[in-house]
Amino acid sequence: MLTLQTPYTHSELKSALAKEGEAIHKVFTAVDPTKFYDHPQEVWSPADNLVHLIISISPVIRALNIAKPLLRLRFGKAKHSSRDLPEVHRIYKAALSAGGAASGGFVPIVETKDAAERDQILTKWQSKSAKLAQSMDHWTEAQLDFYQLPHPLLGNMTVREILLFTLYHNMH
């Protein structure tokens, strides 16, 4: 997996997200199929973690594919400059330390626990990861800083910050 580097530009972000998507697929593919659904009490299994990542990037993909004027009407214009990855990482860690956690629709539910389901989860991750990178094709550098999106734990963030968060969240 990637180490915590500082991608910032559109091309750096797109490349980092694509590389991390591939690395995540390799890591979860390497998990022993008999252990893919195992977890100690109060800890998510590998399957739960991967399903959570799929759930988490889905609204980002949807938002990146919405017409930009609609995004501005719905969420407004960014009210601050985009922060870099270390700063996004810092505010996320602070939110977690303050008791923040996945909730509602972001909590994974893995019902079937067999090899076929494992393959479907892995395939879905590959698809979503590729769609995230493709969704960035419609964005310019300036637009990444102009538009904002709501994060359920961190509040409004620029699109660039949401992508930086997504990168860190995937690494985490």
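Amide H to amide H under 5 Å from residue 147: which residues, 5+ apart in sequence or cross-chain, H placed 1.01 Å off N in plane?
78, 159
Please sort 98-105, 35-42 by packing, taking for each peptide the average over its residues of neighbouring beta carbons within 10 angstrom, highest first.
Listed from highest to lowest mean packing, they are 35-42, 98-105.
May I ask you to evaluate 6.51 cos²θ - 1.76 cosθ + 1.60, the Karplus curve with θ = phi - 60°, for each residue of the stretch 125-130 and list the ³J(HN,Hα) values in order in whole Hz, giving x for glycine and proline?
Result, ordered by residue: 4, 4, 5, 5, 4, 5 Hz.
Which Cα, out of 107, 66, 56, lies furthest along the positive dipole direction of the stretch 33-119 (beta carbon charges, K/R +1, D/E -1)?
Checked the options; the winner is 66.
Probe 1.4 Å, all protein chains in place: accessible area of residue 118 in Å², nearest 10?
Answer for residue 118: close to 20 Å² accessible.
In terms of modelled amide H atoms, which long-range or inter-chain residues lie less than 5 Å from the amide H of residue 156?
Residues meeting the criterion, in which the H sits 1.01 Å from N, are 151.
Placing +1 at every Lys and Arg Cβ and -1 at every Asp and Glu Cβ, with all other atoms neutral, what dipole size does the chain have around its Cα centre, in debye to the nearest 20?
I would put it at about 640 debye.
Over all pairs of distinct alpha carbons, what does the Kirkwood formula give as the hydrodynamic radius of the chain, in Å?
Working: mean 1/r = 0.0597 Å⁻¹.
Taking the inverse mean of 1/r over all distinct Cα pairs, the chain comes out at 16.8 Å.
How large is the Kirkwood hydrodynamic radius of the stretch 88-172, in angstrom, based on all distinct alpha carbon pairs?
Over the stretch 88-172, the inverse of the mean reciprocal pair distance is 15.0 Å.
Per residue of the stretch 83-97, in order, report the coupling 6.51 cos²θ - 1.76 cosθ + 1.60 (Karplus, θ = phi - 60°) as ³J(HN,Hα) in whole Hz, putting x for Gly and Pro.
Per residue, the Karplus-derived 3J(HN,Hα) values read 8, 8, 4, x, 6, 4, 4, 4, 5, 5, 4, 5, 5, 5, 5 Hz.
Once phi is turned into θ = phi - 60°, what whole-Hz ³J(HN,Hα) does the Karplus curve with 6.51, -1.76 and 1.60 give for every residue of the stretch 158-171, x standing for Gly and Pro?
Using θ = phi - 60°, the values come out as 5, 4, 4, 5, 4, 5, 5, 4, 4, 4, 4, 4, 5, 5 Hz.
Of 156, 96, 11, which is farthest towards the positive pole of the chain's charge dipole, taken about the Cα centre with +1 and -1 on the beta-carbons of Lys, Arg and Asp, Glu respectively?
Of 156, 96, 11, it is 156.
If packing is taken as the average number of other Cβ atoms within 10 Å across a peptide's residues, how do 134-140, 84-90 rank, most packed first?
Those peptides, ordered most packed to least, come out 84-90, 134-140.
Please list 152-165, 20-33, 68-81 highest first by mean number of surrounding beta-carbon atoms within 10 Å per residue.
152-165, 20-33, 68-81
The values are calculated or read from the model by the stated rules, or taken from the named source; none is laboratory data. The structure presented is a predicted model; accordingly, all values stated were derived computationally and were not measured. Note: ideal-geometry Cβ built from the backbone for every residue, glycine included; neighbour counts use all protein chains shown. Protein only, heavy atoms only, side chains kept; ligands, DNA and RNA dropped before computing areas. Shrake-Rupley method; radii C 1.70, N 1.55, O 1.52, S 1.80 Å.
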